[in-house]
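Step one of this worksheet: look at the structure below.
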Amino acid sequence: MPSSTNDGWKTRVSALLGVRYPIILGPMRMITLGDMAAAVSMRGGFGQIAASGLDNPEDIRAEIRKARALTEKPFGLNIPVYRSNAFDALEAAIEMGVKTITTSAGNPAKIMDRAKQAGLTVFHKASSVKLAKKARDAGVDGIIAMGYEAGGHVGRENVTTLCLVPQIVDAVDLPVVAAGGIADARGVAAAFALGAEGVEMGTRFVATRECPVPDFFKEELCGADCDGTLLLGKEAMPIRVLKNKVVMLVSGMTKADVDTAMVNAGDAAYVMQGGTRDTAVMPCGQIAGLVGCQCSVADVFDEIVAGVPNVLKRIQGVTG
Ligand SMILES: Cc1cc2nc3c(=O)[nH]c(=O)nc-3n(C[C@H](O)[C@H](O)[C@H](O)COP(=O)(O)O)c2cc1C
């Protein structure tokens, strides 16, 4: 467990990121921009701007400026390395003085020389022990171990956070952040018990007041059960999304002629690019069923910071 002081929780992750709490805003395409990153960093966590969807480097610089105008606290930039804008995004981060980047979806070796030459801290998102070792060999500073219950793109290996985190902790001598299926103090305490030194949450933050997604996304997320999501695109790039009419159609789980009067598979579009609760593709994790709607980012932090010691007491009540 991290040591708790008046200055927050001390782990290698909080030290590397320069934050009070090693609680990270999961980068989310076209959602976690400057405002959202700043909202999390201002609470003592680590906000992230997602470069995905910001194809013009000036748009990335503008979001960094926006976050910086709102907070002096550190925040980072997430760069999916397979995307064509990866190098432009990296240069924008360096030019704007961002100190930490996270990489996902690809081999971080591609950008590592330049990142290290510029003195950046790099965390890479990995969905298997093999990929974590590859990232370690490329020279990253930490691993974000993401289980397949997570919202958004997940690994093809179908390994859960509970199994993945301790195996990566044992396999690489680097600080590990747990991602996927964490939404409250119980999940955070569990992640630390597995050896993680930080957590990353996406789904939990989508349901906050500050999050700029359409209301219907928040309503569907907060109304979802634990089986309210499915994986699309299993062969190529699996993505966990909320079940709705268009997703059932695209995944072949509903016949086109049943219950789809207003929807057809061609309507499918990422939620930030339009659509309705029936036609938008809404990435979301299996933890949705635990998430209540319309709290603030501050409420999320308050519940976790106050709740983790209570979880520990409950464990001690069992184990003595
Ligand atoms: C709507 C949405 C969009 C996402 N977009 C990205 C992205 O652009 N880059 C990335 O590395 N991860 C992305 N993710 C994954 C999150 O950063 C985070 O790792 C994940 O949500 C953690 O699992 P959880 O949803 O169970 O909290 C996305 C997740 C969601 C829900």
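Read-outs throughout are calculated quantities, based only on the coordinates presented, and are distinct from any laboratory measurement. Every value quoted in this text rests on a predicted model; they were computed, and no experiment measured them. Neighbour counts are summed over all protein chains in view; Cβ atoms, including those assigned to glycine, are modelled from backbone coordinates with ideal geometry.
Spin-label pair A306-N158: with each label point 7 Å from Cα along the Cα-Cβ axis, the two points sit 4.1 nm from one another. Antiparallel beta bridges, as assigned by DSSP with both residues in the chain, represent about 25 percent of the total such bridges.
I need to check one value: relative contact order of the stretch 46-106, counting alpha carbon pairs closer than 8 Å and at least 6 residues apart, in percent.
On the way: 82 pairs, mean separation 24.7, N = 61.
This gives 40 percent for the stretch 46-106.
Placing +1 on each Lys and Arg Cβ and -1 on each Asp and Glu Cβ, with no other charges, gives the stretch 215-287 a dipole about its Cα centre of roughly 160 debye.
How much length is gained on full extension from Y82 to C222, taking 0.36 nm per residue of separation minus their Cα-Cα distance? Don't jump to the answer; show the numbers that get you there.
Working: separation 140, 0.36 × 140 = 50.40 nm, distance 3.17 nm.
Between Y82 and C222, full extension yields 47.2 nm more.
Neighbours of G307 by Cβ distance under 14 Å: Lys/Arg scored +1, Asp/Glu scored -1, total 0. The ranking of R29, R209 by Cβ neighbour count inside 10 Å, starting from the fewest, reads R209, R29.
If you run the Gaussian network model on the chain, springs between alpha carbon atoms under 10 Å, then out of M201, M112, M146 the most flexible one is M112.
Among the cysteines of the chain, C163, C211, C226, C284, C295 have no other cysteine beta carbon within less than 4.7 Å of their own. Helices in the chain, meaning DSSP H runs of at least 4 residues, each add -39500 (n - 2.57). Divided by all residues, the mean residue ellipticity at 222 nm is -11000 deg cm²/dmol. If you take all other residues with their beta carbon under 15 Å from the beta carbon of L54, and give Lys and Arg +1 and Asp and Glu -1, the sum is -3.
What full-extension length gain, to one decimal in nm, is calculated for K10 and K130 as 0.36 nm per residue of separation minus the Cα-Cα distance?
Working: separation 120, 0.36 × 120 = 43.20 nm, distance 2.81 nm.
Gain in length upon complete extension: 40.4 nm.
Residue-wise HN-Hα couplings along the stretch 106-111, as the Karplus relation 6.51 cos²θ - 1.76 cosθ + 1.60 with θ = phi - 60° gives them from phi, are x, 8, x, 4, 4, 10 Hz; Gly and Pro carry x. Placing unit charges on the Cβ atoms only, positive for Lys and Arg and negative for Asp and Glu, gives the chain a dipole magnitude near 660 debye about its Cα centre. In the chain, a dipole from Cβ-located charges (positive for Lys and Arg, negative for Asp and Glu) runs towards its positive end, and of M96, I23, W9 it is W9 whose Cα lies farthest in that direction.
Can you give the charge dipole size of the stretch 109-154 about its Cα centre, rounded to the nearest 20 debye, using +1 on the beta carbon of Lys and Arg and -1 on the beta carbon of Asp and Glu?
Values: 8 positive and 4 negative charges, 34 e Å.
In debye, rounded to 20, the stretch 109-154 gives about 160.
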